[in-house]
Amino acid sequence: MASQAQLSFDRPDNRTLIVRLAGSWRVADGVPSPSAVQDELESDPPVECIRFDTQNLGAWDTGLLIFLRKLQDGFANRQVEVDAGGLPEGAGRLLNLAAAVPEKKDTGKGAKRTSFLAMVGGEVITAVASTAEMVRFIGEATIALGAFLRGRASYRRSELMLIIQECGAQALPIVSLISFLVGLILAFVGAVQLMQFGAQIYVADLVGIAMVREMGAMMAAIIMAGRTGAAFAAQLGTMTVNEEIDALKTLGISPMEFLVLPRMLALILMMPLLCLYADLVGMLGGLLVGVGMLDITFVEYFNQTVGAVDLNDIALGVVKSAVFGVLVALSGCLRGMQSGRSASAVGVAATSAVVTAIVFIIVTDAIFAVVTNIIGV
Amino acid sequence: MAVDATKQEAHITVRNLTMAYGDFVIQRDLSFTVNRGEVFIIMGGSGCGKSTLMRHMIGLKTPAKGEVLYGEKDFWAADLEDRQRMMRHFGVLYQSGALWSSMTLAENVALPLEEYTDLSPNDIREVASLKLALVGLAGFEEFYPSEISGGMQKRAGLARAMALDPDILFFDEPSAGLDPISARLLDDLILELRDSLGATVVVVTHELASIFAIADNSVFLDPETRTMIAVGNPKTLRDESEDPKVHRFLTRGESTLPGE
Ligand SMILES: Nc1ncnc2c1ncn2[C@@H]1O[C@H](COP(=O)(O)OP(=O)(O)OP(=O)(O)O)[C@@H](O)[C@H]1O
Ligand SMILES: [Mg+2]
């Protein structure tokens, strides 16, 4: 490559400064700082006119333009006459082009400083607004559900089927694995204690009741929150980014009915089934420990389980799981619809969908525990 | 100008290129040459494969058959490292802008500079705002892509494409979504980049006004016969082409061939 960028000066007479540029002025090779020119301007006697000499200028690119632009800014508040005639023709034209559209000043993007108090206040206001938004969302979802029950909701049946498949059958492998292991773990924990009293047969009761009342519904819900809730948020978030939701709205189609309703229905339908399936697989896990480790026969374990678990327990688990299904669907869809218009905003939406869903699942489960205790189910 | 001396040096050569998605052939037997410092237009009706052709030239899609040469070097025969080195000399504007949505405009333009130059953060900021000013977006440095209009996104994409002063600029429909005056400024900018920085410019477009204003050479892709049906300067093609499709396209279907 040609030689380094060089900058030198000449004062042919008292009022003129000639700025000489030589060598290759490329960004990649580094270009001199324009402050040397500023220093030269300060010198005596005062410069009234600046000219450029670029006879020995080699290759140039943005590097030269940056240098010249900084110079221009420096000249702006000085009484000097600039003769750009000596500059490469293209450079002058590019600079003119850059100046053709004036800088937009009133963009409201200035660095604003906020005090700590203002920040706290802002957060509180946001929290209140987002609660209001959540309540409105739940209200709208209820209205959509009402419309569905009256047979007036506009949604696509094929999409509903697809979502049902997505969050039903396709979730079976992971639900199997997790609930089998949970059953296994429960049995292990129980076995260690119960063996001390020679009461290992009650492992069947423990696993049966725990799975059916609590763990089946809970595990299925948490898996679906991570798997399906996040997917809902990402889908709706991407649709927001691509203005697909706006397109639905302008067509007069309610995104609530068209997008949220089928997702909610799919989970309301599938969660109880997944819950029952998880109950069963969990008990299988307990059976494995009972038969394999505790010398209980298969028939004994089976009879003990049937005796311990009654229909009320199963019904409670199933009802809970349907409620959890609604929670997972609502938080996924809510966060998706609230998503900002960028890739990272979609990521945030998916994360917060999972967090919201899990928090609501646990809180609701606690409420169920208290209520069922009071009414004695 | 320096460009004239090297006018006839082939920069990009496309030879017997066949493009396909699976078994679905989009275009076959494309052969043309883009000379150094030339503004080359890829034109044709919607869906004929212009963007696909561009994807083959910039290394995003492997040809089904044929080759793309940069200078003497066969792009698709080179190993990955060589290919990436060549790709660093390309600046690309995608049809949909393709700005990174979680970065501001300044950060979008700055990313290639941060990756491939040793500039100080200050200089990078200077370069980024110069590039944005060149496309008429001075003052929008801190905006996110979702906060500006579609046409502005297009121009910001252009600023990002120019960030590294590339040897070859690929523009996919740069003036779509721009008002006539911005489109005109954009044409000026393209010519200016070619003249002053000596860049070779490949433009996919069907804006006739800008085709006639900037093109040195062009290729016309036809969706029915699935191949190119004309190569040459668009003005010459308009006045002299025998092919009714080319003629109709270049006159917006307003006039027919004298013989028809
Ligand atoms: N990923 C893909 N898989 C299969 N076919 C594709 C894919 N992308 C594009 N095509 C097909 O290739 C053809 C050419 O598409 P391309 O995007 O290159 O068109 P274009 O000429 O750029 O059109 P426009 O002017 O509308 O942008 C189209 O018929 C399209 O259906
Ligand atoms: Mg295209």
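The values are calculated or read from the model by the stated rules, or taken from the named source; none is laboratory data. Keep in mind the model is a prediction, meaning the values are calculated, not measured. Backbone-built Cβ (ideal geometry, glycine too); neighbour counts: all protein chains shown. The area values use the complete protein model at the heavy-atom level, side chains included, leaving out ligands, DNA and RNA. Shrake-Rupley method; radii C 1.70, N 1.55, O 1.52, S 1.80 Å.
Scan the stretch A:260-283 and give yes if some residue there is more than 25 Å from A:Val319 (Cβ to Cβ) and either part of a helix (DSSP H, G or I) or out of contact with any Gly (no Cβ under 8 Å at 6 or more places or on another chain) (or both), otherwise no. No, every residue in the stretch A:260-283 fails to be more than 25 Å from A:Val319 (Cβ to Cβ) and either part of a helix (DSSP H, G or I) or out of contact with any Gly (no Cβ under 8 Å at 6 or more places or on another chain) (or both).
Residues in the stretch B:116-136 that are under 24 Å from the mean Cα position of the chain (by Cα) and either open to solvent by 50 Å² or more (accessible area, probe 1.4 Å) or at pLDDT 90 or above (or both): 8 in all. Taking (1) closer than 24 Å to A:Lys105 by Cβ; (2) crowded, with 18+ Cβ neighbours inside 10 Å in turn, B:Glu173 satisfies each apart from (1).
Yes or no, residue by residue, for (1) assigned to a loop (DSSP other than H, G, I, E, B); (2) among the β-branched types (Val, Ile, Thr); (3) on the phi > 0 side of the Ramachandran plot:
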position: B:Ser210; (1), (2), (3): no, no, no
position: B:Ala213; (1), (2), (3): no, no, no
position: B:Ala230; (1), (2), (3): no, no, no
position: B:Lys235; (1), (2), (3): no, no, no
position: B:Arg238; (1), (2), (3): no, no, no
position: B:Glu242; (1), (2), (3): yes, no, no
position: B:Lys245; (1), (2), (3): no, no, no
position: B:Arg252; (1), (2), (3): yes, no, yes
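Close contacts from the stretch A:64-91, counting a first residue that is facing chain B (nearest Cβ under 10 Å) and a second that is assigned to a helix (DSSP H, G or I) and of a type in the set (Asp, Glu), with Cβ to Cβ under 9 Å and a gap of 6+ residues or different chains, come to A:Ile66/B:Asp123; A:Ile66/B:Glu126; A:Arg69/B:Glu126; A:Lys70/B:Glu126; A:Glu89/B:Asp195; A:Gly90/B:Glu192; A:Gly90/B:Asp195. When we screen B:Arg36, B:Arg15, B:Arg28 for residues that are open to solvent by 40 Å² or more (accessible area, probe 1.4 Å), touching a His at 6+ places or on another chain (Cβ under 8 Å), away from ligand 2 (no atom under 16 Å from the Cβ) and on the phi < 0 side of the Ramachandran plot, the only hit is B:Arg36. Does B:Met86 meet the test of being surrounded by 13 or more Cβ atoms within 10 Å (Cβ to Cβ), assigned to a helix (DSSP H, G or I) and at pLDDT 85 or above? Spelling it out, B:Met86 is indeed surrounded by 13 or more Cβ atoms within 10 Å (Cβ to Cβ), assigned to a helix (DSSP H, G or I) and at pLDDT 85 or above. With a requirement of 2 or more residues that are away from chain A (no Cβ under 12 Å) and closer than 21 Å to B:His206 by Cβ, the helices (runs of 4 or more DSSP H) lying completely within the stretch B:92-194 that satisfy it span B:150-161. At least 3 residues being within 13 Å of A:Ala278 (Cα to Cα), in the same structural domain as A:Ser321 (by TED's automatic domain parsing) and touching a helix residue (DSSP H, G or I) at 6+ places or on another chain (Cβ under 9 Å) is the threshold, and among the helices (runs of 4 or more DSSP H) wholly inside the stretch A:150-217 those reaching it are A:172-195, A:203-210.
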